[in-house]
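Structure first, then comments.
The values are calculated or read from the model by the stated rules, or taken from the named source; none is laboratory data. Since the structure is predicted, the reported quantities are computational estimates derived from the model, not experimental observations. Don't worry about glycine lacking a Cβ; one is built from the backbone with ideal geometry, like all the others, and counts go over all protein chains shown.
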Amino acid sequence: MRKFHKERNKMCRDGNKLDEGQKYLCIIEMLNHASSMVYEEMSARPKQPRLQFINTHAAPLVHHPKSFVDKPDFCAVDADLVPALAKSTKGNYIQIPWHKTKSVGEMKTSAEDAKKATQAMRYAGLHNVSRPDRPGCYALSASPKGYQIGWSDPSGGHISATIAWNHEEGNLILRYVYSLYFPPSLCDVVDPTVTLVDRTTNDSPRWNIQCEDKTYTDGQTIFVGEPWSRQTVIYRFEDNDGVRIIKDQFEHVGRRFHESALYDKLEGAAGWVTVVASCNVGLTVGSDMSARVKKRLVMSSGGEALDKVRTTRLFLMSMYDILEAHRYGVIKERVMHRDISFRNILVNPFGIPVEAPMEPTFVNTILDITGKRHSPTALICDLDNGCVYKEETYPDIIPDQLKSRTGTPMYIARAVEAGRLVVIPAAHPLFMPMPEINNKAIAESYARCFFFFFFESD
C-alpha cells in the first residue's frame with residue numbers, strides 16, 4: 001500500500017513537473033502496485049492470472065479486426081504473457097495484440113485534460129469489438145488534474161467525472177483495479193462460449209465458438225460491426241462438414257422481430273442464406289431500456305461481397321435473383337428484408353443445395369432453353385431489420401418497428417419509413433408512370449438476352 005500511495009502522491013503533487021515518460025512510469029507503477037495488492041488478497045479465492053499494466057504509447061496495438069491503428073498509452077494484460085511481448089531497441093513495448101489486453105488507458109497533460117475521456121472511451125469501444133469473448137471493457141483516463149473511470153459494452157459507454165488524486169486517498173482507483181479481477185454484476189461481461197484457440201499467440205487471433213451442444217473450432221473473424229450497437233461479429237469455420245458461418249450480435253431486448261424467427265419462417269427458402277442452428281447465448285449487457293442480449297446464428301451457406309462479381313452480366317443476373325428471392329419471401333411468408341443494400345447481397349454462393357428449387361424461378365432457369373431449373377446466382381443475408389407483414393397490421397395498428405427509419409438510408413422505402421402503404425395519385429407530377437412494353441418488344445429483349453448469354457465471355 002505504501003508504494004501505491006507514494007506514486008499517487010507524486011502524481012498529485014508533482015504531476016505537472018513530470019515529463020511525458022515520467023508520467024507514464026508513475027501511472028503504470030501506481031496501477032501495478034494496486035494490482036499486486038489485489039492479487040495477494042486472492043489467496044482464498046479461485047486463482048486467475050495476475051494483471052500487469054504496461055506502457056504501450058510507443059506503437060499502435062495490432063490485429064484489430066477493423067484494422068484500426070490506435071495506441072492506448074497503457075494496457076492491462078495477463079502477467080504470464082508479458083515476457084513474450086515484443087519490445088523495441090529502446091525497451092518500449094510494440095506490436096501488442098488487442099486480444100491480449102484486458103483494459104486500456106490514456107495519459108494526458110493538464111493542458112489536454114479535456115481530451116483524455118474521449119480518447120479513453122474510443123479505445124474501450126475498439127476493445128469491445130476486438131475481444132468477442134470479453135465484450136465489456138474498463139478504461140482509465142488520467143492527467144495531473146485527476147483521473148476518470150469508464151466502462152464500455154454494446155449497450156453504450158459511461159465515464160465518471162474527473163476525480164482528484166487525493167480524493168479518498170485513491171480509493172476509487174483501487175476499486176477500478178479490483179474490478180478488473182472481480183467485476184460487479186453489471187460489468188461481469190464475459191462470454192464463455194467464445195474462447196481463443198491460443199491465448200499466447202502474437203498473430204491474428206482464431207476462435208472456438210459453442211452453439212447449443214456443438215463446438216466450432218479454429219475459426220477466423222471476417223467482419224465486425226461498430227461498438228455501442230448490435231456489435232455484429234461474423235466468423236468463418238471449416239471442417240469435415242464443410243463451411244459454417246457464425247453470426248453473433250447483441251439485439252435490443254425490446255425488439256419485436258427476431259432474426260432467427262424470420263429465418264425459421266422462411267423455412268430454407270432458396271435465394272436466402274440457410275440457417276442450421278441458432279441460440280440465445282445467455283449474455284445480457286446494459287439495463288432497462290439500454291439492455292441488449294447476445295444472439296447467435298449458424299449458417300451453412302454464404303458467399304462473397306457484391307464487389308467480387310466478375311462481369312456486368314453476372315451483376316444483373318444477381319440482382320434479378322435477389323429480387324426474385326425477396327419477392328418469394330414476401331408473397332409466401334410475408335417476410336420483408338427492409339435493408340437490402342450491397343452489404344447484404346452475396347455473390348459466388350457456396351453451400352446451396354445441389355438440386356435446384358422448384359420455386360422461385362431464378363434467372364438461369366429463364367435463360368436455359370432446355371427448361372432445366374437452376375439455383376440462384378446470389379443470396380440475401382442479414383435479416384437484422386426484417387419484419388413480418390400481416391393483414392391486421394393495416395390500417396389501424398402500426399407497430400413501432402414499421403414506423404422507424406429502418407435500414408441503410410439510401411435504400412429506405414418510403415412506405416417502410418411512413419409505416420403505411422403510400423398511395424401516389426396517378427397524376428402526380430413527380431411520379432410519372434413507367435412506359436409499357438408491348439409483346440413484340442418483350443420478345444426482342446429476350447432474343448437479345450439469349451444472344452448475349454451464349455456469346456458473351458466472362
Restricting the range 83-123 to residues that are of a type in the set (A, V, I, L, M, F, W, C) and out of contact with any strand residue (DSSP E or B) (no Cβ under 8 Å at 6 or more places or on another chain), which is nearest to Ile54 (Cα to Cα)?
Ala84
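A quick yes/no check of all residues on (1) in contact (Cβ under 8 Å) with a residue 12 or more places away in the chain; (2) touching a Leu at 6+ places or on another chain (Cβ under 8 Å); (3) of a type in the set (Lys, Arg); (4) part of a loop (DSSP other than H, G, I, E, B):
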| residue | (1), (2), (3), (4) |
| --- | --- |
| Lys66 | yes, yes, yes, yes |
| Lys71 | yes, yes, yes, yes |
| Leu81 | yes, no, no, no |
| Thr89 | no, no, no, yes |
| Lys102 | yes, yes, yes, no |
| Arg122 | yes, no, yes, no |
| His127 | yes, no, no, no |
| Tyr147 | yes, yes, no, no |
Residues of the range 171-210 being touching a helix residue (DSSP H, G or I) at 6+ places or on another chain (Cβ under 6 Å), under 16 Å from Pro49 (Cα atoms) and either assigned to a loop (DSSP other than H, G, I, E, B) or of a type in the set (Ser, Thr, Tyr) (or both), which ones?
Tyr178, Tyr181
Six or more apart or on different chains, Cβ under 8 Å: which pairs go from a residue in the range 369-385 that's under 13 Å from Phe342 (Cβ atoms) to one that's part of a loop (DSSP other than H, G, I, E, B) and of a type in the set (D, E, K, R)? Could you list them?
Asp382/Asp339
Restricting to the range 280-313, name every residue that is assigned to a loop (DSSP other than H, G, I, E, B), farther than 26 Å from Glu355 by Cβ and in contact with a Lys or Arg (Cβ under 8 Å, 6 or more places away or on another chain).
Gly286
Take the residues in the range 71-102 that are out of contact with any Phe, Trp or Tyr (no Cβ under 6 Å at 6 or more places or on another chain) and among the aliphatic types (A, V, I, L, M), then tell me which one is surrounded by the most Cβ atoms within 10 Å (Cβ to Cβ).
Ile96
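Give the range 155-175 a look and list any residue that's in contact (Cβ under 8 Å) with a residue 40 or more places away in the chain and closer than 30 Å to Trp207 by Cβ, or say none. Can you show your working first?
Let us first name the residues in the range 155-175 that are in contact (Cβ under 8 Å) with a residue 40 or more places away in the chain, namely 155-157, 159, 162, 164-166, 169-170, 173-174.
Matches in the range 155-175: Ser155, Gly156, Gly157, Ile159.
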If you take the residues in the range 336-352 that are out of contact with any helix residue (DSSP H, G or I) (no Cβ under 7 Å at 6 or more places or on another chain) and at pLDDT 90 or above, which one is surrounded by the most Cβ atoms within 10 Å (Cβ to Cβ)?
Leu346
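Limited to the range 9-55, what total is found for residues that are part of a helix (DSSP H, G or I), of a type in the set (A, V, I, L, M, F, W, C) and surrounded by fewer than 17 Cβ atoms within 10 Å (Cβ to Cβ)? Before the answer, list the steps.
Residues of the range 9-55 part of a helix (DSSP H, G or I): 9-17, 20-40.
Those still in the list that are of a type in the set (A, V, I, L, M, F, W, C) too: 11-12, 25-28, 30-31, 34, 37-38.
Those left that are additionally surrounded by fewer than 17 Cβ atoms within 10 Å (Cβ to Cβ): 25, 37.
Qualifying residue count for the region: 2.
In this structure, is Lys115 of a type outside the set (A, V, I, L, M, F, W, C), within 29 Å of the chain's Cα centre (by Cα), surrounded by fewer than 16 Cβ atoms within 10 Å (Cβ to Cβ) and at pLDDT below 95?
Details: of a type outside the set (A, V, I, L, M, F, W, C): yes; within 29 Å of the chain's Cα centre (by Cα): yes; surrounded by fewer than 16 Cβ atoms within 10 Å (Cβ to Cβ): yes; at pLDDT below 95: yes.
The answer is yes for Lys115.
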What is the one condition in (1) surrounded by fewer than 17 Cβ atoms within 10 Å (Cβ to Cβ); (2) touching a strand residue (DSSP E or B) at 6+ places or on another chain (Cβ under 7 Å); (3) under 24 Å from Ile234 (Cα atoms) that Val330 does not satisfy?
(3)
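Restricting attention to the range 199-222, which residues are of a type outside the set (Ser, Thr, Tyr), under 16 Å from Ala277 (Cβ atoms), crowded, with 16+ Cβ neighbours inside 10 Å and touching a strand residue (DSSP E or B) at 6+ places or on another chain (Cβ under 7 Å)? Quick ask: steps written out before the conclusion?
The initial filter retains those residues of the range 199-222 that are of a type outside the set (Ser, Thr, Tyr), namely 199, 202-203, 205-214, 218-220, 222.
Next, only the ones that are under 16 Å from Ala277 (Cβ atoms) stay: 208-214, 219.
Keeping just the survivors that are crowded, with 16+ Cβ neighbours inside 10 Å gives 208-211, 219.
Across the range 199-222, the qualifying residues are Asn208, Ile209, Cys211, Gly219.
Would you check which residues across the range 301-324 are among the hydroxyl-bearing types (Ser, Thr, Tyr), more than 13 Å from Leu367 (Cβ to Cβ) and without any contact (Cβ under 8 Å) to a residue 60 or more places away in the chain and list them?
Residues of the range 301-324 among the hydroxyl-bearing types (Ser, Thr, Tyr): 301, 311-312, 318, 320.
Pick out the ones that are also more than 13 Å from Leu367 (Cβ to Cβ) and you get 301, 311-312, 318.
Hit for the range 301-324 is Thr312, nothing else.
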Starting from the range 188-201, keep only residues that are closer than 25 Å to Gln95 by Cα and modelled with pLDDT of 95 or more, then list their pairs with residues that are of a type in the set (A, V, I, L, M) and surrounded by fewer than 13 Cβ atoms within 10 Å (Cβ to Cβ) whose Cβ atoms are within a distance under 7 Å, requiring at least 6 positions of separation or different chains.
Thr200/Ala84
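Would you confirm, using the coordinates I've provided, whether Ala277 is part of a strand (DSSP E or B), at pLDDT 95 or above and small (Gly, Ala, Ser)? Explain how you work it out, then say what you get.
Working: part of a strand (DSSP E or B): yes; at pLDDT 95 or above: yes; small (Gly, Ala, Ser): yes.
When the stated conditions are applied, Ala277 passes them.
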Unmet criterion (only one of (1) surrounded by 17 or more Cβ atoms within 10 Å (Cβ to Cβ); (2) farther than 14 Å from Thr56 by Cα; (3) among the aliphatic types (A, V, I, L, M)) for Ala120
(2)
